[in-house]
Amino acid sequence: MVNIVLIGKQGSGKGTQAKLLAKQFDLEHINTGALFRKHIEEQTHLGIIADEYIKKGELVPDKFVFQLIEESIEPDIKGLVFDGFPRTLEQAAYLVERYRIDKVIYLSLPIEVAKKRITSRVECKNCGKTYNLLTSPPLMEGVCDVCGSVVGSRADDKPEAIEKRISEFLEKTKILIDFFSKRDIAITVDASASVEEVFSELCEIVKELF
Ligand code: ADP
Ligand code: ZN
């Protein structure tokens, strides 16, 4: 079983690439942001708590993230691709205590490029498919190509929340590259290339792990 982690700032394409990798290598995609959004939509206890942080662009406190992870991962079914977890040193320690991680891939992208990508990003409220209004818009404006539901921007893709999320990344998440480099499992990939180019680079890395 192969377990990988994707780390990258908002707009680095980590969600898109995680989804593609999960499909290509038959891995389970663990996207903590999407899992929280589902809780928010369903107004669960965890969702109501998480919403207060997420809409401001702040990280959800670790104990709620651990609760989410525990209830979301089906034990020993498939390998995993973590997308959006870990984001703090405490989360990284929690992860390596419980799972053997084969590779941590850092999708590196300049901040200005990242901001441009996020401001043109929209996503399907139902199936979560993401679109970029500049480079890959839905065929029909505001309608998901896949499921026909409403496509719009995320509540936390507003300027103040974007700034806050990027600074959270720089303050708390970027140091995880050092944490995993010390374990000799980190690798950096340039995320400014096209989705296809980045994906083919990731496939080269991941296929070596099997
Ligand atoms: P992005 O990477 O663009 O910020 P995500 O969908 O990955 O988008 O996450 C959205 C929000 O969900 C984050 O800003 C944060 O509030 C919360 N979140 C997701 N994963 C975590 C995590 N591992 N730890 C704390 N908060 C998280
Ligand atoms: Zn959809």
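All of the numbers you see were taken from the coordinates with simple rules; none came from a lab. In this text the structure is predicted, and so the values were computed from the model without any measurement. Every residue, glycine as well, gets a Cβ built from its backbone with ideal geometry; the counts of neighbours run over all protein chains shown.
Between rounded, prolate and oblate, where does the range 67-194 land on the alpha carbon gyration tensor, with a ≥ b ≥ c its root eigenvalues, rounded for a/c under 1.5, else prolate if a/b exceeds b/c?
Details: a/c = 2.03, a/b = 1.47, b/c = 1.38.
Prolate is the answer for the range 67-194, as a/c is 1.5 or above and a/b outweighs b/c.
For the chain, set up a Gaussian network in which alpha carbons nearer than 10 Å are linked by springs, and say which option among Ala92, Ala18, Ala193 fluctuates the most.
Ala193
Taking the Cα centre of the chain as origin, sum charge times position over the Cβ atoms of Lys and Arg (+1) and Asp and Glu (-1), and report the length of that vector in debye to the nearest 20. Intermediate results must be reported in sequence, preceding the final value.
Details: 29 positive and 34 negative charges, 64 e Å.
Computed about the Cα centre, the dipole is about 300 debye.
Just Arg121, Arg100, Arg87 to compare: in a GNM of the chain, with alpha carbon springs under 10 Å, which one fluctuates most?
In the Gaussian network model the winner is Arg100.
Would you kindly state how much longer the chain becomes between Glu160 and Glu196 on full extension, computed as 0.36 nm times their sequence separation minus their alpha carbon distance, in nm to one decimal?
On the way: separation 36, 0.36 × 36 = 12.96 nm, distance 3.06 nm.
Taking 0.36 nm per residue and subtracting the Cα distance, the gain is 9.9 nm.
Find how much the distance from Arg100 to Asp178 grows on full extension, using 0.36 nm per residue of separation minus their present alpha carbon separation; answer in nm with one decimal. Write down the numbers at each step before the final one.
Working: separation 78, 0.36 × 78 = 28.08 nm, distance 1.75 nm.
Full extension of this stretch gives 26.3 nm more.
Kindly list the residues of the range 1-34 that lie in the label zone of Phe66, defined by a backbone N under 13 Å from the point 7 Å along the Cα-to-C-beta vector.
So the set is empty, nothing qualifies.
Would you mind telling me the antiparallel percentage of the DSSP bridges in the range 1-129, rounded to 5?
Details: 0 of 14 bridges.
Bridges in the range 1-129 are about 0 percent antiparallel.
Can you work out ³J(HN,Hα) from phi for every residue in the range 101-109, in order, using Karplus 6.51 cos²θ - 1.76 cosθ + 1.60 and θ = phi - 60°, giving whole Hz and x for Gly and Pro?
For the range 101-109, the Karplus curve yields 9, 8, 7, 10, 10, 9, 8, 8, 8 Hz.
Pull up the cross-link candidates among the lysines for Lys174, meaning alpha carbon to alpha carbon under 21 Å and not fewer than 8 places away within one chain.
Cross-link targets: Lys9, Lys14, Lys56, Lys63, Lys103, Lys115, Lys116, Lys164, Lys182.
What is the magnitude of the charge dipole of the range 1-93 about its Cα centre, with +1 placed on the Cβ of each Lys and Arg, -1 on the Cβ of each Asp and Glu, and no other charges, expressed in debye to the nearest 20? Could you put the intermediate results ahead of the total?
On the way: 11 positive and 14 negative charges, 95 e Å.
The calculation lands at about 460 debye.
Where does the chain land at 222 nm, in deg cm²/dmol rounded to the nearest 500, when only DSSP H runs of n ≥ 4 count, each adding -39500 (n - 2.57), divided by all residues? Write down the numbers at each step before the final one.
Working: 9 runs with 92 residues, N = 210.
Value at 222 nm, helices only: -13000 deg cm²/dmol.
Need one number: nm distance between label points at His45 and Glu74, each 7 Å from Cα along Cα→Cβ, rounded to one decimal.
Placing both labels 7 Å along Cα→Cβ, they lie 2.5 nm apart.
Taking the Cβ-Cβ separation of Cys203 and Thr130 as r and a Förster radius of 22 Å, what is the calculated FRET efficiency to the nearest 0.05?
Working: r = 20 Å, r/R0 = 0.90.
Efficiency, rounded to the nearest 0.05: 0.65.
List the residues of the range 173-193 whose backbone N lies under 17 Å from a point placed 7 Å from the Cα of Glu58 along the Cα-to-Cβ direction.
173, by backbone N distance to the label point.
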